[in-house]
Amino acid sequence: MPRLIRSAVLNNYVEVARSVGLDPYRMIAEFHLPPASLVDPEVKVSAAAVGRLLEESAVRSGKFDFGLRLADQRTVANLGALALLVREQPTIRKALDVMAAYMFLHSESLVLNIRERAGEVTLSLAFDVKRPVPIRQGIDLGLGFLHRSLQHLFREHWKPSAICFTHAPPPRKDVYRKFFGTDVLFNQDFNGIVCPARQLDAAVPAADVKMARYVQQYLDTLATRRNSSMTSSVRECIYTMLPSGLCSAQTVAARLGADRRTVHRHLAREGETFSSVLDSVRAELVTRYAENRDRTLTSVSELLGFSAPSAFSRWFKRQFGCSAAAWRAGGARGAPQAGSRPPVPKS
């Protein structure tokens, strides 16, 4: 089953697509998205299909900032019922905590991770679409939406110190600098926002504790209906833990509050092993990293949690039937497919 996302992700797609010369209805039909996804924000659609739609929209329109254009007018209301809970939190920190905890109600493919160290907080956004698809525009949209939402909610209290992207710089960095109003860094180890920790504890006078409690009870009833699996839980952990180099069956089990054997047993019931899930996540991420020619393959191997470049090389060849260098030299657009050979490298 594909990872799903609320079609609210396509809010104002019609307007933005038309403004850059695209036919929005022809585009969504081409990527097998239902027409209702452009008018009903609660329709669940394939996150991978949305990713491909946004990427191709940028290519055909020639607008490298297509994702940011979509994000420009977004507010936290785009999250639907979850927005009600986020708005009623007493601090930015609490708002981010509930956003991270309930993000799955908006999208099965987005994982918001919050890490604090040395007075600085990093909000990293992972995109798990369960298959290798180019999603640069999706990343731009996701971080752009997160920034705009917090900016709209907390105004002068929201002042991030840096925005980080794993992908290579665009043709014009000033567009990103203007959108985010702060330093924007590319070729980084994660996609996310960095801000001072003290900023997150600013009080929100308009917060309503009683309303927050009521909305949370409602969201909890929705959460109990979630068809969560051990595989999806393990995938989420792997996404956030890979760059640390500490992602193992043992550490993932600890994060899930279970022992390794319990995790193994549940994965086996779902026809998976820790290694198969790890390989699946790496196979998806490697295409995003390796296509960025500004990033060395040694750096790619580190981001995927390999202990050495040689281990990465062996894994890539086993997965895709060629070396990562050969695939990159082939100039392939899109993702290498496991078990199939890539185009012959250009001479």
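The residues on offer are Leu105, Leu123, and the sole one that is among the hydrophobic types (A, V, I, L, M, F, W, C), open to solvent by 10 Å² or more (accessible area, probe 1.4 Å) and under 21 Å from Gly80 (Cβ atoms) is Leu105.
Taken together, the criteria exclude Glu88 from residues that are open to solvent by 30 Å² or more (accessible area, probe 1.4 Å) and touching a strand residue (DSSP E or B) at 6+ places or on another chain (Cβ under 7 Å).
Any residue that is part of a helix (DSSP H, G or I), surrounded by 14 or more Cβ atoms within 10 Å (Cβ to Cβ) and out of contact with any helix residue (DSSP H, G or I) (no Cβ under 8 Å at 6 or more places or on another chain) - is there at least one of those in segment 264-273? No, that holds for no residue. The residues on offer are Arg282, Arg314, and the sole one that is closer than 21 Å to Ala48 by Cβ, assigned to a helix (DSSP H, G or I) and of a type in the set (Lys, Arg) is Arg282. For Asp72, the criteria (1) closer than 16 Å to Val14 by Cα; (2) over 19 Å from the mean Cα position of the chain (by Cα) hold in every case but one, which is (2). Among the residues of segment 17-44, the ones that are part of a helix (DSSP H, G or I) and either of a type in the set (A, V, I, L, M, F, W, C) or open to solvent by less than 10 Å² (accessible area, probe 1.4 Å) (or both) come to 8 in all. For segment 108-120, a tally of residues being open to solvent by 20 Å² or more (accessible area, probe 1.4 Å) and small (Gly, Ala, Ser) returns 2.
Selection of segment 73-86 for residues being at pLDDT 85 or above and more than 24 Å from Ala48 (Cβ to Cβ) yields Thr75, Val76, Ala77, Ala83, Leu85, Val86.
Can you confirm whether Leu304 is farther than 23 Å from Ile135 by Cβ, touching a residue at least 24 places away in the same chain (Cβ under 8 Å) and either hydrophobic (A, V, I, L, M, F, W, C) or open to solvent by less than 30 Å² (accessible area, probe 1.4 Å) (or both)?
no
Filtered by the rule that a residue be crowded, with 22+ Cβ neighbours inside 10 Å and aromatic (Phe, Trp, Tyr), segment 45-85 gives a lone residue, Phe66. Does Ser248 qualify as being in contact (Cβ under 8 Å) with a residue 40 or more places away in the chain and surrounded by fewer than 16 Cβ atoms within 10 Å (Cβ to Cβ)? No; evaluated as a whole, the condition is false for this residue.
The values are calculated or read from the model by the stated rules, or taken from the named source; none is laboratory data. Everything numeric here is computed off the predicted structure, so don't read it as measured data. We place every Cβ from the backbone using ideal geometry, glycine too, and count neighbours over all the protein chains shown. Heavy atoms of the whole protein, side chains included, go into the accessibility calculation; ligands, DNA and RNA do not. Shrake-Rupley method; radii C 1.70, N 1.55, O 1.52, S 1.80 Å.
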